[in-house]
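Novice: Supplied in structure tokens, the structure appears directly below.
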Amino acid sequence: MNVVMQHINKSFGPVQVLHDVQLSVNSGEILAMVGENGAGKSTLMKILTGIYSKDSGEILIDDQAVEFHTIRDSEAKGIFIVNQELNVFKDMTVLENLFLNKEHSRFGMIDENSQRSQAITVFQRLGISLDLDTPVGMFSVGQQQLLEIAKSLLLEAKLIIMDEPTSALSGKEIEMLFDVIRRLKEAGTAIIYISHRMKEIFDLCDRIIILRDGRFILSSSIAEMNFDSVIKNMVGYDLGELFPDKPELPPGPEILRVEGLSDATRFHDVSFSVHQGEILGFAGLMGSGRTDVMNVLFGVEPKTAGQVFIDNELVNITSPRKAKQAGMAYVTENRKDEGLFLDFTISNNILMNNLRRLSHRGVVNQDKTTQFADELMTQVNAKYQGLSQLIEELSGGNQQKVVLAKWLGTNPKVLVLDEPTRGIDVNSKKQIYELIFTLAKLGMAIVVVSSELIELLGICDHIVVMREGAVMTHLENQQLTDEEVMKHMMGGVI
């Protein structure tokens, strides 16, 4: 199947977000689509899948003009999207998620045996093993992402759009996904691959399209591009190094100390400390327990053992509210479900996390709220139309900046960042790194959990490496290599 989008324009109110954009992808081709957050990638794909309507332009499939008004219209033509933000029902089983609104029937009854057989076949193609009767919420973000990919295979899609498909996957899962994508390519399936991970794009894709500020910039064979040329076309200027210069800060007093922290099943005996102005990284493969430690530390989940000290005082954190009162802030890895109210405005999201500061006797001071939110959004360098804009209208990167802004408004002593740049373009990443360094200079103690070793090596002073729920080692980030960190992550074997 050959798909062409040409002269696509789209506006939201007075703001035009797509300007005469074009795109084409052919059967058996893997097309990379890149651009900064807000470049128009998601909007263009929502038009292709019938979620949004275009203002003008046309979509051609095998030279025939088509109109999509719903996502079912596009799926009927063999187009399927695997979104960055997962579209799963966590209380439903794996099998129920796979066949929701696509049930097999026989004699007017759901044919569960047929569904199970097809699901097992698809899972074998993917090389994954998920219990079909387990609620999806019991699985990791990475496993839920694989479930989304399995849905597209069930539909036998002719064009699969993958939006940051590896953002929550481990190295082994990424290799497995790439094997599947290459087999789909050989079978004639077209793939649109949206990612900010340049190595993946150069390893996997045949051609690249670049958008900037809602405009088509270029389409080129991957063989004719390099990392620098892609970045220059994305941002419109030479970006320079990915990481800004790391400040040299003298060690300050200890702010956070964790001793022997354990939970019931996922990790045990975790100890570490963070000093004023220090950036401490947490590395580990998926399932190592990194995020579980942060959830217990912030009171989201209960601990079974261990002590937490802030400013050398023992604190008993049994809920996020108590963690916040103790001077902690937590930017979680899943901004959609845990970090934001998507149908609220920017202003109200920031207000909800800072009600005491912005209200008196239960009455919100609107002028104070507007000034407060505006200052925070400026601090995080976010792009937005106004404080009354809904969160769901923002790009993923700017949504993440709102999460950062709402927590910075609490003036925390300790800031925990779990995957702070997941799914964020290169330039926005650099802006967030600069913000992290600024906060360190102001004396904040910062903990960064990341699946990208280059990120930890680029910004952290020390790195804690976890494996299978235990701390393997504490590493000082002086001439440290990703190979050395990976060796500890893999248990001593590369």
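Novice: Based on the Cβ-Cβ distance from THR134 to ALA470, what FRET efficiency comes out when R0 is 22 Å, to the nearest 0.05? Write down the numbers at each step before the final one.
Specialist: Working: r = 25 Å, r/R0 = 1.15.
Calculated transfer efficiency: 0.30.
Novice: Right, another one. How big is the Rg/Rh ratio for region 72-209, C-alpha atoms only, Rh by Kirkwood, two decimals?
Specialist: Values: Rg = 15.0 Å, Rh = 15.6 Å.
Using only Cα positions, Rg/Rh for region 72-209 is 0.96.
Novice: Only bridges whose two residues both fall in region 254-489 count here: according to DSSP, what percent of them are antiparallel, nearest 5?
Specialist: Details: 22 of 39 bridges.
Here the share of antiparallel DSSP bridges comes out near 55 percent.
Novice: Show me the trypsin sites (Lys or Arg not before Pro) within region 318-424 that DSSP assigns to loop and that have at most 16 other Cβ atoms within 10 Å of their Cβ.
Specialist: Details: sites: ARG321, LYS322, LYS324, ARG335, LYS336, ARG356, ARG357, ARG361, LYS368, LYS383, LYS401, LYS406, LYS413, ARG422; in loops: ARG361, LYS383, LYS413, ARG422.
Of the trypsin sites (Lys or Arg not before Pro), the ones in loops of region 318-424 whose Cβ has at most 16 other Cβ atoms within 10 Å are ARG361, LYS383.
Novice: Between ASN9 and LYS487, what is the label-to-label distance in nm when each label sits 7 Å out along the Cα-to-Cβ direction?
Specialist: Modelled inter-label distance: 6.0 nm.
Novice: If you don't mind, there's one more thing I want to ask. Can you give me the distance in nm between label points at SER27 and ASP55, each placed 7 Å from the Cα along the Cα-to-Cβ direction?
Specialist: Here the answer is 3.6 nm between the modelled labels.
Novice: Enumerate by residue number the GluC sites (Glu not before Pro) in region 65-118 meeting two conditions: DSSP loop (anything except H, G, I, E, B), and at most 10 other Cβ atoms within 10 Å of the site's Cβ. Walk me through the intermediate numbers first.
Specialist: Details: sites: GLU67, GLU75, GLU85, GLU96, GLU103, GLU112; in loops: GLU67, GLU85, GLU103.
Loop-located and lightly packed - GLU67.
Novice: Can you give the FRET efficiency to the nearest 0.05 for ARG125 and GLU452, using r as the Cβ-Cβ distance and R₀ = 30 Å? The partial results should precede the final answer.
Specialist: Values: r = 28 Å, r/R0 = 0.92.
The calculated FRET efficiency here is 0.60.
Novice: Taking the Cα centre of each part, how many Å lie between region 74-115 and region 278-308?
Specialist: For region 74-115 versus region 278-308, the Cα centre distance is 34 Å.
Novice: Describe numerically, in nm with one decimal, the distance between label points set 7 Å from Cα along Cα→Cβ at SER273 and at GLU254.
Specialist: Roughly 0.2 nm, to one decimal.
Novice: Further, regarding this structure: Quote to one decimal, in nm, the extra length available between LEU100 and GLN16 on full extension: 0.36 nm per residue of separation minus the C-alpha distance between them. If you can, show how the numbers build up before the last one.
Specialist: Details: separation 84, 0.36 × 84 = 30.24 nm, distance 3.53 nm.
Going from the current span to full extension adds 26.7 nm.
Novice: Next question. Tell me, LEU154, LEU358 in order of fewest to most beta-carbon neighbours within 10 Å? Kindly include the intermediate steps, with their values, before the conclusion.
Specialist: Values: LEU154 16, LEU358 22.
Sorted ascending by nearby Cβ count, the order is LEU154, LEU358.
Novice: Report the local net charge at ILE255: Lys and Arg +1, Asp and Glu -1, summed over other residues whose C-beta lies under 15 Å from its C-beta. Walk me through the numbers on the way to the answer.
Specialist: Numbers: positive: ARG257, LYS413, LYS441; negative: GLU254, GLU259, GLU278, ASP311, GLU313, ASP461.
Net local charge, ILE255 excluded: -3.
Novice: Calculated FRET efficiency, PHE227 and GLU313, Cβ-Cβ r, R0 35 Å, to nearest 0.05?
Specialist: Values: r = 47 Å, r/R0 = 1.35.
FRET efficiency, PHE227 to GLU313: 0.15.
Novice: Something else now. Using Cβ contacts closer than 10 Å as the measure, can you line up GLU164, GLU58 from fewest to most?
Specialist: Details: GLU164 20, GLU58 13.
The fewest-first ordering by Cβ neighbours comes to GLU58, GLU164.
Novice: Tell me, HIS196, HIS360 in order of fewest to most beta-carbon neighbours within 10 Å?
Specialist: Values: HIS196 24, HIS360 9.
Fewest-to-most ranking of HIS196, HIS360: HIS360, HIS196.
Novice: Rounded to the nearest 20 debye, what is the charge dipole size of the chain about its Cα centre when +1 sits on each Lys and Arg Cβ and -1 on each Asp and Glu Cβ? Walk me through the intermediate numbers first.
Specialist: Details: 47 positive and 66 negative charges, 194 e Å.
Magnitude of the dipole: close to 940 debye.
Bear in mind these aren't lab numbers, they're just calculated from the coordinates by the rules spelled out. Just so you know, these numbers come straight off a predicted model, no measurement behind them. Reconstructed Cβ throughout: ideal geometry from the backbone, glycine too, with neighbour counts over all protein chains shown.
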